[in-house]
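I have placed the structure first, in the form of structure tokens, so that the comments after it can refer back to it.
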Amino acid sequence: MGYLDGFKVTFKQIFEPRVTTEYPDEKREKPERFHGRHVLNRYEDGMEKCIGCELCAGVCPARCIYVRGADNPPDAPVSPGERYGFVYEINYLRCIHCDLCVEACPTEAITESKLFEFSFTNRQDAIYTRDELLVDDDGHPRKLPWEDWREGDETNTSAWVRATAPSGDAGFEGKVAWSGELGRGVVAAEQGQVAEAAAAKAARPSKKVARTRRSAK
Amino acid sequence: MGDPLYIDGLDLAVVLIVFLKVIVVFVFLLVAVMLMVWFERKVISDMQNRIGPNRAGPWGILQTLADGTKLFFKEDLLPDKADRRVFRLAPYLSTLPAFASFAIVPIGGTISIAGHETYLQLADPPIGVLFLLAMSSIAVYGVMLAGWSSGSKYPLLGAVRASAQMVSYEAAMALAVAAAVLSAGSLSTHDIVAAQDGLFQWNIFSLGVVPFVVFLIAATAEANRPPFDLVEAEQELVGGFHTEYSSIRFALFFLAEFMNTVTISAMVVTLFLGGPNGPVFSFLPTLWPIVWFFLKLVVFLFIYVWLRATLPRFRYDQLMDLGWKKLIPVSLFWLLLVAALRIGRLEDWNVGFVLAGGLAVGALGWWALAAALRLGQMDDAELSDAQLSGESSSGASPSEREVVG
């Protein structure tokens, strides 16, 4: 064929399967530790985890977080400690979803869900207040009218999301090093990278299958 | 000869029939462009494992309509440095020839409206295919003036490329057309189609495939289709000659481009594949020629999309090389060979002698051409060797040399 080989190639592609994901109708599964819209978590007894320390606001490179702490009212405490987050606002016109606030938080109060499809039409809506960020009484993130929540967007939003050892230290894995949360309790630990890799090696015959298995999970 | 519509002189019915035909052709072209854009996008996405437009209408078939509507409502920009009058004129100089050149394409046999017999083609002028060549020459003005009047460097460069390309490929195209004209003995498209009655009378077979291939390549270049679309080489020239155009004026260029694709495909079908010729069955006899014509047309539209999906863009000097050094000599030689064989048949000469003589002359010509080209390159190289004292101008010289050669 020589010069005409290219024509064969392009013609054959007509009968190949399509690789397109028809985005708004069907969505690709998101990675487990996807950085999306934040949630403010609560303990299993309903107390808020935020203590109003402002570390998140301090570390934020985009300066999108505004926090004011206040002393807990003695008769009806909001959080287990001395103080609680009285004002908590995140401006999503500025947020870059770097997750540094999640890293900085000492009480695992702020974490990120996998939701990234939210489109507001005015600046007021862009600034999420404490009431909007806080999980509801069942421990689910509040679903605002302009947000497109899909199946799985709110799973693994807890402190579990940051529970991988720095530089992948295998010794860190398999231990529960995070607190429980409302509605979900204490999320179980992962097997750990070493155990996972061993299990994977036993189960997978070839490298190609390994890739599909991981993406399917 | 000519259209039997005018045999009895002009009366109101004749004028009305002509008007009707004009409207039908106009609407057909607009709809054809709409479908062609959609077809191209769909087929090319098939070839790239994508889905393509699928939102507007069933299978996205109304996508072009949506895009067109959007273009209508966009701001019509007029650059400060533009030559205003020419800038406004250029899109029409591009669009009108595109519309007009379809007028001579026969899309069916003969029909009878209100007692008047008429061909299923808008016009059958005695100059026929010359009209096509004339119109495609006028289209060059549209491109050229658009680039020149934009007052910007990229459109100007794009326009220079476009006009050089269109002018040089017109020669090869005209020589290929001349072969078809020679075999029919007439310039009229209706007569050319009539002369190709029967599969083996089709010019693609009876003339050998060479004029067909040359015409296909030259017409692709003439219509600025990929792989010859370096007029619009995005990497180098942004949008080429229509960089500064927006809104409806841009839409007109776009329209003209796709209309040219449709017209060129129709001309390939007319000149080399017997136009609407094909088996006619007793059921609806006037319908079949139209069906055959459109089937052939779609095949060529598909081929154009296929070319676009497959071939990378030519470099400018390669384009000029192909046009001047290959296509023109080949089609000129083939035209002479066809003419010699034709005369030989009339004069009862031995076909073998004519063929051998023709091929010998062709080989001689080819050798002379190759030698001349090599000589030209050698001179140039020696020249640059002699001038090697200061700055080297050899960077630009290969392409210039080849363009001249």
Phi-derived 3J(HN,Hα) across the range B:96-108 with the Karplus relation (6.51, -1.76, 1.60, θ = phi - 60°), rounded Hz, x for Gly and Pro, is 4, x, 4, 5, 5, 5, 6, 4, 8, 7, x, 9, x
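Can you give me the % of accessible surface on the range B:74-231 that is carbon or sulfur? Probe 1.4 Å, all protein chains present, nothing else counted. Let's see the in-between values first.
Working: 4130 of 6130 Å².
Taking all protein chains in place, the range B:74-231 shows 67 percent carbon and sulfur surface.
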In debye, nearest 20: dipole of the range B:52-152 around its Cα centre with unit charges on the Cβ of K, R (+) and D, E (-)?
320 debye
Return the whole-Å distance between the Cα centroid of the range B:193-272 and the Cα centroid of the range B:311-342.
16 Å
What is the sum of charges around A:ASN72, taking Lys and Arg as +1, Asp and Glu as -1, for the other residues whose C-beta is under 12 Å from the C-beta of A:ASN72?
-3
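Using a 10 Å Cβ count of at most 15 others and DSSP loop calls, identify the longest part of chain B lacking such GluC sites (Glu not before Pro). Present the calculation step by step, with values, prior to reporting the outcome.
Details: sites that count: B:GLU75, B:GLU391.
Excluding the exposed sites themselves, the longest stretch runs over B:76-390.
Can you send over the carbon and sulfur percentage of the accessible area for the range A:30-190, probe radius 1.4 Å, protein chains only?
Ligands and nucleic acids excluded, carbon and sulfur give 52 percent.
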Whole-Hz ³J(HN,Hα) for each residue in the range B:324-338, computed from phi via Karplus 6.51 cos²θ - 1.76 cosθ + 1.60 with θ = phi - 60°, x for glycine and proline: what do you get?
7, 8, 10, 5, 5, x, 5, 6, 5, 4, 5, 4, 5, 5, 4
Quick check: from the Cα gyration tensor, does chain B come out rounded (a/c under 1.5), prolate or oblate?
oblate
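Within the range B:28-69, list the trypsin sites (Lys or Arg not before Pro) lying in a DSSP loop whose Cβ has at most 13 other Cβ atoms in a 10 Å radius.
B:ARG55
Which net charge results for the neighbourhood of B:ILE127, defined as the other residues with beta-carbon distances under 15 angstrom from its beta-carbon, given Lys and Arg at +1 and Asp and Glu at -1? Let's see the in-between values first.
Details: positive: none; negative: B:ASP3, B:ASP124, B:ASP191.
With Lys, Arg at +1 and Asp, Glu at -1, the neighbours total -3.
Please state the shape class of the range A:30-190: rounded when a/c is under 1.5, otherwise prolate if a/b exceeds b/c and oblate if not, all from the C-alpha gyration tensor. Intermediate results must be reported in sequence, preceding the final value.
Details: a/c = 1.38, a/b = 1.09, b/c = 1.27.
Rounded, because the longest to shortest axis ratio a/c is under 1.5.
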Tell me: how much accessible area in total is hidden between A and B, 1.4 Å probe, Å², nearest 100?
1300 Å²
Go through the range A:114-121 residue by residue and turn each phi into a ³J(HN,Hα) via Karplus (6.51, -1.76, 1.60, θ = phi - 60°); whole Hz please, and just put x for glycine and proline.
9, 6, 10, 9, 9, 10, 9, 10
Compare each residue of the range A:3-23 in its chain alone against the assembly with all protein chains, and report those whose accessible area goes down by 40 Å² or more; 1.4 Å probe, heavy atoms.
A:PHE7, A:THR10, A:PHE11, A:GLN13, A:ILE14, A:ARG18, A:THR20, A:GLU22
Return the residues of the range B:16-53 for which accessible area with all protein chains present is lower than in the chain on its own by 30 Å² or more; set the probe to 1.4 Å and exclude ligands, DNA and RNA.
B:ASP46, B:MET47, B:ASN49, B:ILE51
Tally Lys and Arg at +1 and Asp and Glu at -1 over the other residues with C-beta under 11 Å from the C-beta of B:ALA103: what net charge comes out?
0
Once you sort the root eigenvalues of the Cα gyration tensor of the range B:78-185 as a ≥ b ≥ c, which label holds: rounded (a/c under 1.5), prolate (a/b larger than b/c) or oblate (the other case)?
oblate
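Roughly how many Å² is the accessible area per residue of the range A:30-190, as a whole number, for a 1.4 Å probe? Intermediate results must be reported in sequence, preceding the final value.
Values: 8040 Å² over 161 residues.
Roughly 50 Å² per residue, with all protein chains present.
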Per-residue [θ]222 nm for chain B (sum of -39500 (n - 2.57) over DSSP H runs n ≥ 4, rounded to 500):
-22000 deg cm²/dmol
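The values are calculated or read from the model by the stated rules, or taken from the named source; none is laboratory data. Predicted, not measured: the structure shown is a model, and the values here were computed from it. Every residue, glycine as well, gets a Cβ built from its backbone with ideal geometry; the counts of neighbours run over all protein chains shown. Side chains included, ligands, DNA and RNA excluded: accessible areas come from the protein's heavy atoms. Shrake-Rupley method; radii C 1.70, N 1.55, O 1.52, S 1.80 Å.
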